[in-house]
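The values are calculated or read from the model by the stated rules, or taken from the named source; none is laboratory data. Computed from a prediction, not measured in an experiment: that's the story for all the values here. We place every Cβ from the backbone using ideal geometry, glycine too, and count neighbours over all the protein chains shown.
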Amino acid sequence: MNHIPLSLPVNLRCVKGIFYFLLFISTSFSVSAQTESANATKQDSLYVTKFTDRPHLTFELANRSQRIDIRNPDLDTFLLRYQPNTSTNFIASFDYRWLSLSLGLLSLQAGDSYRKGTSSQFSLRASFNGRRLWNTNFIQVYKGYYLTNPSVANPEWNAKTDQYPQRPDLSTVTVFSNLYYCFSPEKFSYRAALWQLDRQEKSAGSFLAGLSLRLHRMDSDTGQSLIPASIAYLFKPENRLIAQSVTNFNINAGYVHTFVVRHSWFLTLYFVPGISIQNSYYLSEDKQIRNQQNKVTGTSEFRFILGYNGNRWYSGISSYSISFSGNRNLGVSVNDNYNWFRLFVGYRLRPVDRSNLPAWRQKIRL
């Protein structure tokens, strides 16, 4: 069956273009920020030790997932949940001064792919890491999903032997960008907590406030509804979802705190809820596009990091999740949840001597 051309507002080429635009803006912003004098106000050395003059190489094994929850708002207990069958991803990062880049190099499929199908993914992250301001941008692409709770559509489904219903044609593209302001940079370092470009010497925290933007698209090559045929009667034809395009503009505020034990061991907890202005477009089984503009919904970000941050080596585990509430006024509710669990290890190279570098690199402190 041929792919159905969709006229939903956000397409893949547009999403990638917006991502690269955001990357250009954040890089330009960070370059201008780095023109400050080397004698500018520094963080309190009792709380933070800087390692930003050293290039950092980090390798991680990460489990990245996106969960798609579909509900009929009139049925309280009904839920369809789709996930990609990705197992462990091998990711490499390079961090130096204000810039952090991360690229997914390899996806390792789970051993149960014969039951859940195979999935592919692409991920890229670019971050600007200032003392008071930081900005993160990422793009994530998945292809291939399976239904995690088949018994909803087939009560006779056998969890031990039967294959999961698979949607190898289903793909999602997500672009996310945020900009945060730290109220206590003299005591708390976000760079220490997340990228280990600093080291938090004493326990401290800070309130945060910021803005974020998400662009998300879900589509399929076959144009088939995500509602299994056996339970299609639970949804009206205009609510049997085929594709989705969503944008969220979010206003966030919260708190982050790092607990330090024995100088180099640390635990960081981060919780930032927010209010989201959401614009949604849905393509239904009746081939009509429906939308709802400027809907106020909820969003939240949570992060947990436990690790060791030495003079040259650092390592740890972290968990990160972002969730967006669904739109319940179109006869179908779709919640998107992004979850990452990573095991990382990194090494700091020797400090870079910039005295012999070209003048333009010394000027921007790169």
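How many residues are in a strand (DSSP E or B) and touching a helix residue (DSSP H, G or I) at 6+ places or on another chain (Cβ under 8 Å) if we restrict to region 234-286?
6
What are the residues in region 175-205 that are over 29 Å from GLN66 (Cα atoms) and touching a helix residue (DSSP H, G or I) at 6+ places or on another chain (Cβ under 8 Å), if any?
Scanning region 175-205 gives ASP198, ARG199, GLN200.
For region 124-149, give me each residue that is hydroxyl-bearing (Ser, Thr, Tyr) and part of a strand (DSSP E or B).
Within region 124-149, SER127, THR136, TYR142, TYR145, TYR146 meet the criteria.
Residue check: is ASN63 in contact (Cβ under 8 Å) with a residue 24 or more places away in the chain, under 22 Å from the mean Cα position of the chain (by Cα) and crowded, with 19+ Cβ neighbours inside 10 Å?
Spelling it out, it is not the case that ASN63 is in contact (Cβ under 8 Å) with a residue 24 or more places away in the chain, under 22 Å from the mean Cα position of the chain (by Cα) and crowded, with 19+ Cβ neighbours inside 10 Å.
Would you please list the contacts, defined by Cβ atoms under 6 Å and residues six or more apart or on different chains, that run from a residue in region 166-181 that is farther than 20 Å from ARG214 by Cα to a residue that is of a type outside the set (A, V, I, L, M) and not in a strand (DSSP E or B)?
GLN166/GLY117; PRO168/GLY117; ASP169/ASP221; ASP169/THR222
Test each condition in (1) touching a residue at least 60 places away in the same chain (Cβ under 8 Å); (2) among the acidic types (Asp, Glu); (3) out of contact with any strand residue (DSSP E or B) (no Cβ under 8 Å at 6 or more places or on another chain) for ASP112 and report the one that comes out false.
(1)
Given (1) at pLDDT 50 or above; (2) out of contact with any strand residue (DSSP E or B) (no Cβ under 9 Å at 6 or more places or on another chain), identify the lone condition not met by THR35.
(1)
Taking region 275-296, which residues are within 28 Å of TYR190 (Cβ to Cβ) and surrounded by 19 or more Cβ atoms within 10 Å (Cβ to Cβ)?
SER276, GLN278
With the requirement that a residue be of a type in the set (Gly, Ala, Ser) and either surrounded by fewer than 19 Cβ atoms within 10 Å (Cβ to Cβ) or not in a strand (DSSP E or B) (or both), what does region 155-171 give you?
Result: ALA159, single match.
Is it fair to say LEU133 is under 21 Å from PHE324 (Cβ atoms) and surrounded by 15 or more Cβ atoms within 10 Å (Cβ to Cβ)?
Judged against the criteria, LEU133 is not a match.
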